[in-house]
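Data first, discussion second: the structure below is written as structure tokens.
Throughout, read-outs are computed from the coordinates displayed, never taken from laboratory work. Bear in mind the structure is a predicted one, so any value in this text is a computation, not a measurement. Cβ: placed from backbone, ideal geometry, glycine included. Neighbour counts: every protein chain shown.
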Amino acid sequence: MLIECRNLKKEYISANIRTTAVDNVSLSVDRGEFVVILGHSGSGKTTLLSLIGGLTRPDSGEVLINGVENWRQSDEALSDMRNSTIGFIFQFASLIPTLTALENVLLPLTFGRTPRGNHQRAVEILHLVGLGDKANSFPSQLSGGQQRRIAIARAFINQPDIILADEPTGDLDEETERDILKVFSEFNRAGTTFVVVTHNVHLAQTQKNARILEMRQGVLSERATVDA
Ligand SMILES: Nc1ncnc2c1ncn2[C@@H]1O[C@H](COP(=O)(O)OP(=O)(O)OP(=O)(O)O)[C@@H](O)[C@H]1O
Ligand SMILES: [Mg+2]
């Protein structure tokens, strides 16, 4: 099993109010799967992704990636796992404003011990997301949807086994969304495992072979149909 979540729980307390963002979630994802988790705003999707990716430590429960528990390894091993095994597409594009599009895509190569990408690969991925002509533009010179696509390209640079994508087509029109989902499908066919969280029912409906789950108030369940 590539990803194994067991009884994950994460609570936040702010202003004396306790929110159970992720409530006893168990999830197993096989290599090569394309998992879509649907859920309304505030249902715990971002929190769950950040638990899976080892960015947030659960209050209880565990996450195993390739059989290794995220928080039962050295800090160095955990950050190496985050950098080389996982490609993150964050909900908000989070580009470095002082770096060009190409430099942003290349940035993950400067961390980690065993970068798998290179300059040529970065150029290729920029073409895949339809931005081959924007390599030297700065984020402030790009539209919201273009910035989003740069962030998507960045997630693929290290040829990660797993892509964790948070509302990846958030700022995209339907046609660009379709193009990006096609890129996802191609990577998925080539073996990359996807966990995509979104409130976009359309995304789940159009992604063939996707396994659809649903999150409600921190609780994850299987969902048989994807009718709106
Ligand atoms: N750092 C935090 N401190 C306090 N509460 C938080 C924190 N982060 C998230 N929460 C709460 O946890 C719950 C789940 O939040 P989360 O961001 O995981 O939801 P989401 O499904 O990603 O929502 P959206 O679709 O709006 O992005 C929400 O009620 C949110 O207010
Ligand atoms: Mg979110």
From DSSP H assignment alone, runs of 4+ in the chain each adding -39500 (n - 2.57), the sum over residues rounded to the nearest 500 puts [θ] at 222 nm at -9000 deg cm²/dmol
Put in order of increasing Cβ neighbours within 10 Å, starting from the fewest, PHE138, PHE92 give PHE92, PHE138
Please compute the contact order of the range 7-90 in relative form: average sequence separation of alpha-carbon pairs under 8 Å and at least six residues apart, divided by the residue count, as a percent. 27
Exposure proxy check on LYS45, LYS182: fewest-to-most Cβ neighbours within 10 Å is LYS182, LYS45
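Using Cα pairs under 8 angstrom and six or more residues apart, how large is the relative contact order of the range 3-222, in percent? Each step should come with its number before you reach the end.
Values: 421 pairs, mean separation 68.9, N = 220.
Across the range 3-222, relative contact order equals 31 percent.
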Which percent of the Cα-Cα distances in the range 130-172 go past 14 Å? 49
Relative to the chain, whose Cα atoms define the longest principal axis, helix 75-84 and its Cα axis are tilted in degrees, nearest 10, by 50
For LYS9, counting only aspartates and glutamates whose alpha-carbon sits under 16 Å away and dropping same-chain residues fewer than eight positions off, the answer is ASP23, ASP59, GLU62, GLU69
Taking 0.36 nm per intervening residue step and subtracting the Cα-Cα distance, what contour gain separates SER26 from ARG216 on full extension? 67.0 nm
Write out the chymotrypsin sites (Phe, Trp or Tyr not before Pro) in the range 25-89 meeting two conditions: DSSP loop, and at most 13 other Cβ atoms within 10 Å of their Cβ. TRP71
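Please report the antiparallel percentage of the DSSP beta bridges confined to the range 3-222, to the nearest 5. Intermediate results must be reported in sequence, preceding the final value.
Numbers: 21 of 40 bridges.
Antiparallel bridges make up about 50 percent of those DSSP assigns within the range 3-222.
Which order do SER143, SER94, SER50 fall in if you start with the one that has the fewest other Cβ atoms within 10 Å?
Working: SER143 10, SER94 13, SER50 19.
Ordered by Cβ neighbours within 10 Å, fewest first: SER143, SER94, SER50.
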